[in-house]
Every structure is written in structure tokens, then in C-alpha cells.
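Right, one structure below, let's go through it.
The values are calculated or read from the model by the stated rules, or taken from the named source; none is laboratory data. What you see is a predicted model, and the numbers here were worked out from it, not measured in a lab. Cβ: placed from backbone, ideal geometry, glycine included. Neighbour counts: every protein chain shown. Surface accessibility is based on the protein's heavy atoms, side chains included, excluding ligands, DNA and RNA. Shrake-Rupley method; radii C 1.70, N 1.55, O 1.52, S 1.80 Å.
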Amino acid sequence: ACMRTNWYQYENDSSPKGYAAFKLDSNKLAGGGPTVPYREIFVFSNDVEGIHARSGPVARGGLRFSDRPEDYRTEVLGLMKTQTVKNSPIVPVGAKGAFVRKNADISPAEAYAIFIRGLLDVTDNLVEGASVTLPHTVAYDDPDTY
């Protein structure tokens, strides 16, 4: 189910990144449940973890700081489903994401930055009309500039 990862990417100083990101094809996960996203990106570090779920190739939604570390994925899936209904006249599919702090010594802003970097690590850039994947990204899917 893993379509992409930043596992082999490095920081600018050649040190390993302090977080890992995995893009998943949710349809290939066992026990999908009643709400199965099109794609999910899971970001994990010692300080932060989070998930971004979207219900189609192009989706609209938002990100939030969650206070539910035990079930933030369930929270995100419910919000994504609601977002899909809410935005159906504009964009027919929804997206949502949430992250939790696992280390109270970092600020919510620092946690957010780690989460966003993880999401961007496994999302292609659009450069002069062409899709560009970050170096050292393991990618088994088609280009995805989302």
C-alpha cells in the first residue's frame, strides 16, 4: 500500500531527516472501514505524528492541530467525509489532515512545520509545467503534484 516515502531523503547537511513520511493507497490497506480515502500521507517523528487524507486526486480541505492522540486518524476520516459533502458544489472530493504533538517541549508551530515538511517531501513540485519529484524519494506511483 506504500506508494512513496521520504525514508532515503537527507537534510541539506547530509544528515538523515528527523521524521518519516509515507504516502499510502488506502484501498490496499486491510480493514479499510466505512470511509476509505483515495490517498493518505502519514508523517511520524519522535515529536509529531499526523495524517493527511484525501478522497480524490484533487481535493479541498484543511489541516488542524488535534488534541486526540489516540484516534486522530478517525477524527480526520470523519472530517474528510464532512468536507466532501460540504464542498461538493465546488470540488467534488474533500481532504483533511491533523497532527498531534508527542513532545510538549516543542511549540504547535514547530510541530506544524515538521508535519508540513513531511507532506511536501512526498508531493511532487510543479516546475515550469513539469512534475518534479524530490531527490531520493521512493515513488511507485505516477507524478502527483496535488
Practice problem: Determine the pairs where a residue that is at pLDDT 95 or above, located within the range 31-49, has a partner that is part of a loop (DSSP other than H, G, I, E, B) and of a type in the set (Ser, Thr, Tyr) with Cβ atoms under 8 Å apart, the partner being 6 or more residues away or on another chain. | Solution: 41/123
Quiz item: Only one of 23, 28 is open to solvent by 20 Å² or more (accessible area, probe 1.4 Å) and touching a residue at least 12 places away in the same chain (Cβ under 8 Å); which?
Solution: 28
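Determine which member of the set 50, 61, 31, 56 is closer than 24 Å to residue 145 by Cβ and either over 13 Å from the mean Cα position of the chain (by Cα) or of a type in the set (Lys, Arg) (or both).
On the way: 50 fails: either over 13 Å from the mean Cα position of the chain (by Cα) or of a type in the set (Lys, Arg) (or both); 61 fails: either over 13 Å from the mean Cα position of the chain (by Cα) or of a type in the set (Lys, Arg) (or both); 31 fails: closer than 24 Å to residue 145 by Cβ.
One residue alone meets the criteria, 56.
Taking the residues in the range 112-144 that are hydroxyl-bearing (Ser, Thr, Tyr) and within 18 Å of the chain's Cα centre (by Cα) as candidates, determine which candidate is nearest to residue 45 (Cα to Cα). Reasoning before the result, please.
Narrowing the range 112-144 to residues hydroxyl-bearing (Ser, Thr, Tyr): 112, 123, 131, 133, 137, 140.
Now restrict to residues that are within 18 Å of the chain's Cα centre (by Cα): 112, 123, 133, 137, 140.
On the way: 112: 12, 123: 18, 133: 22, 137: 18, 140: 23 Å.
Going through the qualifying residues, I end up with 112.
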Exercise. Kindly list the number of the only condition in (1) at pLDDT below 90; (2) hydrophobic (A, V, I, L, M, F, W, C); (3) in contact with a Pro (Cβ under 7 Å, 6 or more places away or on another chain) that fails for residue 59.
Key: (3)
Quiz prompt | Matching option when the condition is among the aromatic types (Phe, Trp, Tyr), at pLDDT 90 or above, closer than 16 Å to residue 146 by Cβ and part of a strand (DSSP E or B), among 115, 22, 99 | solution = 22
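Residue-by-condition table, conditions (1) in a loop (DSSP other than H, G, I, E, B); (2) within 17 Å of residue 122 (Cβ to Cβ):
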position	(1), (2)
42	no, yes
50	no, yes
58	yes, yes
64	no, no
